[in-house]
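S.K.: One structure is given below, represented as structure tokens, and several questions about it will come after.
What follows draws every value from the coordinates through simple rules; no lab data is involved. In this text the structure is predicted, and so the values were computed from the model without any measurement. In this analysis, Cβ positions are derived from the backbone assuming ideal geometry, glycine residues included, and neighbour counts consider all displayed protein chains.
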Amino acid sequence: MNLVFDFGAVLFRWQPELLMQAHFAERATSAQAARELARTLFHHPDWQSFDRGAIAEHDLASRTSERLNLQPAAVLALLEGIEAHLTPVPATVALLERLCQRRREQAGMRLFFLSNMPVRFARMLERRHDLANWFDGGVFSGDVHLAKPEPGIYQLLQQRYDLDPARTTFIDDLQANVDAAAALGWRGIRFESASQLEGDLTAVLGLASAHRQ
């Protein structure tokens, strides 16, 4: 069985509204305003191009500052802030470590990641965390110039690691990304919490016995 994890809002914290409040307090004056600013910043072709490694940071900062009437320096400071923001989600990491233990004890389980992550943050996560110990492999969007929910990035992971779609389960917090995996014959789980994920994986892998050990 292959388990494929998303990173942002699953294994690593991703709360865009908090970033807006921290870096653009004059614009994010309410929770609703923060959500709207985050949506216009992160759900835009410029950020999506940054995700896939198609534009450089200074170009992103220039375009975003002009489009949203923000100071370029403030946008660059946001990128610095994202590095501090992307911290592990303890409950999900604990579940992942139990899965790593299960993988060591029995053959047939492999763990992978598939993350929309600009190159800057991908390298930062590799420096700070032992991804090679957690995972048998994975793909960052910024490295391959593809991004979820495009079929190509799933197919790349599948081909690179010889994944059998019928034996592959994909975990992501966004339904569109889960649906794209399901369209290729993978099982999809929409992530809401570590406890919910563990319950769903119990049905797939029989994790209850592993959790008691």
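S.K.: Where nothing but the Cβ of Lys and Arg (+1) and of Asp and Glu (-1) is charged, how large is the charge dipole of segment 1-50 around its Cα centre, in debye to the nearest 20?
M.R.: 80
S.K.: Could you derive backbone 3J(HN,Hα) for segment 10-24 from the dihedral phi with the Karplus parameters 6.51, -1.76 and 1.60 (θ = phi - 60°), listing whole Hz in sequence and x where the residue is Gly or Pro?
M.R.: Karplus-based 3J(HN,Hα) across segment 10-24 equals 10, 9, 10, 4, 8, 10, x, 4, 5, 5, 5, 5, 6, 9, 9 Hz.
S.K.: Follow-up. Tell me the label-point distance for the pair Arg120, Gln71, using the 7 Å Cα-to-Cβ offset, in nm and rounded to one decimal.
M.R.: 1.7
S.K.: Related question: If you plug each phi of segment 173-183 into the Karplus form 6.51 cos²θ - 1.76 cosθ + 1.60 with θ = phi - 60°, what whole-Hz ³J(HN,Hα) values come out, in order, with x for Gly and Pro?
M.R.: Residue by residue, segment 173-183 yields 7, 9, 4, 4, 6, 5, 4, 5, 5, 4, 5 Hz.
S.K.: Would you mind telling me the antiparallel percentage of the DSSP bridges in the chain, rounded to 5?
M.R.: Of all bridge pairs located within the chain, approximately 5 percent are antiparallel.
S.K.: Calculate, in nm to one decimal, what Ala31 and Glu83 gain on full extension: separation in residues at 0.36 nm each, minus their alpha carbon distance. Mind dumping the intermediate values first?
M.R.: Working: separation 52, 0.36 × 52 = 18.72 nm, distance 2.22 nm.
Extending this stretch completely gives an extra 16.5 nm.
S.K.: Considering only Gly152, Gly188, Gly53, give the residue with the highest GNM mean-square fluctuation for the chain, with springs between Cα atoms whenever their separation is below 10 Å.
M.R.: Gly152
S.K.: Could I ask something else about it? With θ taken as phi - 60° and the coefficients 6.51, -1.76 and 1.60, list the Karplus ³J(HN,Hα) couplings across segment 39-54 in order, rounded to whole Hz; mark glycine and proline as x.
M.R.: 5, 5, 7, 8, 9, 9, x, 5, 5, 5, 5, 5, 3, 8, x, 8
S.K.: Taking 20 °C and 1.002 mPa s as the conditions, I'd like the Stokes-Einstein D for segment 87-213 in µm²/s, using the Kirkwood hydrodynamic radius from alpha carbon pairs.
M.R.: 140
S.K.: Connecting C-alpha atoms closer than 10 Å in a GNM of the chain, tell me which of Asp51, Asp136, Asp172 has the biggest fluctuation.
M.R.: Maximum among the listed residues: Asp136.
S.K.: Go through (i) 32, 18, 15; (ii) 39, 22, 12; (iii) 24, 22, 17 and flag the label whose value is the computed semi-axes √(5λ) of the Cα gyration tensor in Å for this structure.
M.R.: So the calculated entry is the one marked (i).
S.K.: For segment 99-163, what are Rg and Dmax over the alpha carbons, in angstrom?
M.R.: 12.7, 36
S.K.: Given H placed on each backbone N at 1.01 Å, which residues far from Thr168 in sequence or on other chains put an amide H within less than 5 Å of it?
M.R.: Under 5 Å from the amide H of Thr168 lie the amide H atoms of Asn2, Arg187, each far enough along the sequence or on another chain.
S.K.: Averaging sequence separations of C-alpha pairs under 8 Å and six or more residues apart, then dividing by the length of the chain, give the relative contact order as a whole percent.
M.R.: Values: 296 pairs, mean separation 53.3, N = 213.
With pairs under 8 Å counted, the relative contact order is 25 percent.
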